[in-house]
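Structure first, commentary second.
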Amino acid sequence: MQLAVWTYEGPPHVGAVRVATAMQDLHYVLHAPQGDTYADLLFTMIERRGKRPPVTYTTFQARDLGKDTASIFQNAARDAYERFAPKALLVGASCTAELIQDDPAGLAEALELPCPVIPLELPSYQRKENWGAAETFYRVVRQLVDRDVRPSPREGRRPLVNLLGPCALGFRHRDDVLEVRKLLWNLGIDVNCVAPLDAAPDDIRTLGRADFNIVMYPEVGGEAARWLDQALHQPSIRTVPIGVGATREFIAEVAALAGVDATEALADEQSRMPWWSRSVDSTYLTGKRVFIFGDATHAIAAARIAHEELGFEVCGLGCYNREFAREMRAAAALYGVEPLITDDHLEVEDAILNASPELVLGTQMERHIAKRFGIPCAVISSPVHVQDFPARHSPQMGFEGANVIFDTWVHPLVMGLEEHLLTMFRDDFEFSDEAGPSHLHGAAPVAPRQAEPAMPSTRGELAELPAATTIAWTAEAEQELKKVPFFVRGKVRRNTEAFAVLQGRGAVDLATLYDAKAHYAR
């Protein structure tokens, strides 16, 4: 555990709160001190929910530690049942309460409440939020599902599926569910249950009615789907339909498993992304360097869209949830980049600066980093801020999701005609390099964070120029530098100056600029 200004994931009990908040007729009794109740703000302020999460906190104080904190928990659990009358009760401890070892599971069992009690053991100092959500949903499914409920004979009925993984505080989860429902309806398939989002304990009991499961978000629904496969022999579809190509694959896999004809669903003409990505101005985007970071599901899907459907060059790819490191390494190998698997936003910042991308796709952290350095950016993954829970329908999945993705990614980029005009009128105060493009931000980019000087590596990377070192540029070299796109010009300047220092050259002239370019091209 480390202290950080930002964090990609909270502790695992926050993941449990996300599952509890997503479901109906379920309550979570969380053994936690004052100060650990901040999770409410995530839903009421960021996700803009109209009611607070169904969570009762014990909120013991420092003076209670010398007394019986176990009785405080039992009283809170008893009061929560009497007040809210849930159909099932989750019990667990926050990261701080875990240290006093009160055993919420045993304490709740001793109360003999007239509803199922689902104990959560979430190791706060080894695991994080997404794992906590997946573990909580898995425990709910395992304890509540009725193993005697099985699919009825297929003759005379439409196929039935469960949608697993949509959750509270998820990135566009509600909108994605609507799009996937549309795809399934066009295939002649009905939805038995969406869980955990809007599912009640009674719905979880009947999961076995479905013929198979669709894992929309593996970070939350993956473990439960594996258990259902083992316990009930329900197969799962794990292709995530983000992007046109993945959506077509998803439709084909679902149709094959359900035994239905996919022709009509595959002929859907709502997707305008393929035409737009081949249009005149969009072909200008071919070869744009894009850096992608987020949760594994969205980052891997974004990399495929960028490479296969928009013709971008993936110059960086990574995720913050280590549970999906294997999948991320396999995806990064497809694009010839080193996978970045970290939860340190400063490490991500350094990777972005070193990659010199023309577009960053990431979380709200990457958006902040990109805006500081004047790099176009779009958000593709949680964690996100309030503006990424839009009032409009804005899915990521399905053909309409592909349209939304195209619009979202292209909007922050400088298109062909715009860059031409910016170059033509760069001497005008309104269009100067210092002003920057209007769609990024009003102020000029701040100076990059200075890294420690490093020795050149075998990969041809040069040392950072020491802060106290200054080197002159000739007028011809300055003029040539202006031909470099503004979003990578700072990187080119720093590299050229570092090259000149190592070569012992007193100033940067045209020859030095070209020599540095040749050096980095190797």
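The values are calculated or read from the model by the stated rules, or taken from the named source; none is laboratory data. Keep in mind the model is a prediction, meaning the values are calculated, not measured. Note that each Cβ is placed from the backbone with ideal geometry, even for glycine, and that neighbours are counted across all protein chains shown. In case anyone asks, the SASA skips ligands and DNA or RNA and just uses the protein heavy atoms, side chains included. Shrake-Rupley method; radii C 1.70, N 1.55, O 1.52, S 1.80 Å.
Criterion applied to PHE406, PHE399 was being part of a helix (DSSP H, G or I), at pLDDT below 95 and under 18 Å from the mean Cα position of the chain (by Cα), and the one residue passing it is PHE406. Pairs meeting the criteria (first residue in segment 224-250 and farther than 17 Å from VAL140 by Cβ and open to solvent by 20 Å² or more (accessible area, probe 1.4 Å), second residue modelled with pLDDT of 95 or more and hydrophobic (A, V, I, L, M, F, W, C), beta carbons under 6 Å, at least 6 apart or on different chains) are PRO235/PHE212; SER236/VAL215; SER236/ALA225; ARG238/VAL215; THR239/PHE250; VAL240/ALA301. Is segment 373-381 home to any residue that is out of contact with any strand residue (DSSP E or B) (no Cβ under 8 Å at 6 or more places or on another chain), at pLDDT 90 or above and not hydrophobic (A, V, I, L, M, F, W, C)? Scanning segment 373-381 turns up no residue that is out of contact with any strand residue (DSSP E or B) (no Cβ under 8 Å at 6 or more places or on another chain), at pLDDT 90 or above and not hydrophobic (A, V, I, L, M, F, W, C). Just to verify a result, which residue in segment 300-335, among those that are aromatic (Phe, Trp, Tyr) and over 23 Å from MET273 (Cα atoms), is surrounded by the fewest Cβ atoms within 10 Å (Cβ to Cβ)? Selected residue: PHE324.
Please go through segment 65-110 and give me each residue that is among the charged types (D, E, K, R) and either more than 25 Å from ASP203 (Cβ to Cβ) or at pLDDT below 80 (or both), ordered by number.
The answer is LYS67, ASP68, ARG78, ASP79, GLU98, ASP102, ASP103.
A single entry from THR297, THR342, THR363 fulfils the requirement of being surrounded by fewer than 18 Cβ atoms within 10 Å (Cβ to Cβ), hydroxyl-bearing (Ser, Thr, Tyr) and under 15 Å from the mean Cα position of the chain (by Cα): THR342. In segment 372-393, the residue that is farthest from PRO241 (Cα to Cα) out of those that are over 14 Å from the mean Cα position of the chain (by Cα) and surrounded by fewer than 18 Cβ atoms within 10 Å (Cβ to Cβ) is ARG372. Of the residues making up segment 500-519, those that are out of contact with any Phe, Trp or Tyr (no Cβ under 8 Å at 6 or more places or on another chain), over 12 Å from THR474 (Cβ atoms) and not small (Gly, Ala, Ser) are VAL501, LEU502, GLN503, TYR514, LYS517. Screening the candidates ILE72, ILE118 for the property of being aliphatic (A, V, I, L, M), open to solvent by less than 90 Å² (accessible area, probe 1.4 Å), assigned to a strand (DSSP E or B) and touching a residue at least 12 places away in the same chain (Cβ under 8 Å) yields one hit, ILE118.
Remark: pairs (first residue in segment 78-90, within 13 Å of GLU112 (Cα to Cα); second residue in a helix (DSSP H, G or I) and charged (D, E, K, R); Cβ separation under 6 Å; 6+ apart in sequence or on different chains) are absent.
Please pick out the residue among LEU169, LEU163 that is over 22 Å from ALA265 (Cβ atoms), within 21 Å of the chain's Cα centre (by Cα) and not small (Gly, Ala, Ser).
LEU169
Given the condition assigned to a loop (DSSP other than H, G, I, E, B), open to solvent by 10 Å² or more (accessible area, probe 1.4 Å), in contact with a Lys or Arg (Cβ under 9 Å, 6 or more places away or on another chain) and of a type in the set (D, E, K, R), answer yes or no: does some residue in segment 31-42 qualify? No, there is no match, as no residue in segment 31-42 is assigned to a loop (DSSP other than H, G, I, E, B), open to solvent by 10 Å² or more (accessible area, probe 1.4 Å), in contact with a Lys or Arg (Cβ under 9 Å, 6 or more places away or on another chain) and of a type in the set (D, E, K, R). Kindly indicate whether any position in segment 308-330 is modelled with pLDDT of 95 or more, assigned to a helix (DSSP H, G or I) and aromatic (Phe, Trp, Tyr). Yes; the residues of segment 308-330 include at least one that is modelled with pLDDT of 95 or more, assigned to a helix (DSSP H, G or I) and aromatic (Phe, Trp, Tyr). For segment 331-351, the tally of residues that are at pLDDT 95 or above and either closer than 18 Å to GLU129 by Cα or aromatic (Phe, Trp, Tyr) (or both) stands at 3.
Whether a residue is modelled with pLDDT under 85, closer than 30 Å to ILE369 by Cα and touching a helix residue (DSSP H, G or I) at 6+ places or on another chain (Cβ under 7 Å) was assessed, and ALA16 does not pass this test. Scanning segment 180-190 for residues that are more than 12 Å from ILE214 (Cβ to Cβ) and touching a strand residue (DSSP E or B) at 6+ places or on another chain (Cβ under 8 Å) returns a single hit, ASP190. When the residues of segment 262-273 are filtered to those that are touching a residue at least 40 places away in the same chain (Cβ under 8 Å) and either within 22 Å of ARG157 (Cβ to Cβ) or of a type in the set (S, T, N, Q) (or both), the one that is surrounded by the most Cβ atoms within 10 Å (Cβ to Cβ) is ALA265. Checked against the criteria, LEU310 counts as over 19 Å from THR239 (Cα atoms) and touching a helix residue (DSSP H, G or I) at 6+ places or on another chain (Cβ under 9 Å). Evaluating THR286 against the criteria (1) over 18 Å from GLY188 (Cα atoms); (2) modelled with pLDDT of 85 or more; (3) β-branched (Val, Ile, Thr) leaves one unmet condition, (2). Assuming PRO166 fulfils every condition listed in (1) open to solvent by 10 Å² or more (accessible area, probe 1.4 Å); (2) at pLDDT 95 or above apart from one, which condition is it? PRO166 satisfies every listed condition except (1).
A search for C-beta distances below 9 Å between a residue of segment 305-321 that is within 21 Å of GLU219 (Cβ to Cβ) and touching a residue at least 24 places away in the same chain (Cβ under 8 Å) and any residue that is buried (at least 24 other Cβ atoms within 10 Å of the Cβ) and of a type in the set (Asp, Glu), counting only pairs 6+ apart in sequence or on different chains, returns CYS319/ASP295; TYR320/ASP295; ASN321/GLU129; ASN321/GLU219; ASN321/ASP295. If you take the residues in segment 184-212 that are open to solvent by less than 10 Å² (accessible area, probe 1.4 Å) and assigned to a helix (DSSP H, G or I), which one is farthest from VAL145 (Cα to Cα)? Per the stated criteria, the residue is LEU184. Checking each residue in segment 293-319 for being among the small types (Gly, Ala, Ser) and within 15 Å of ARG329 (Cβ to Cβ) picks out ALA296, ALA299, ALA303, GLY316, GLY318.
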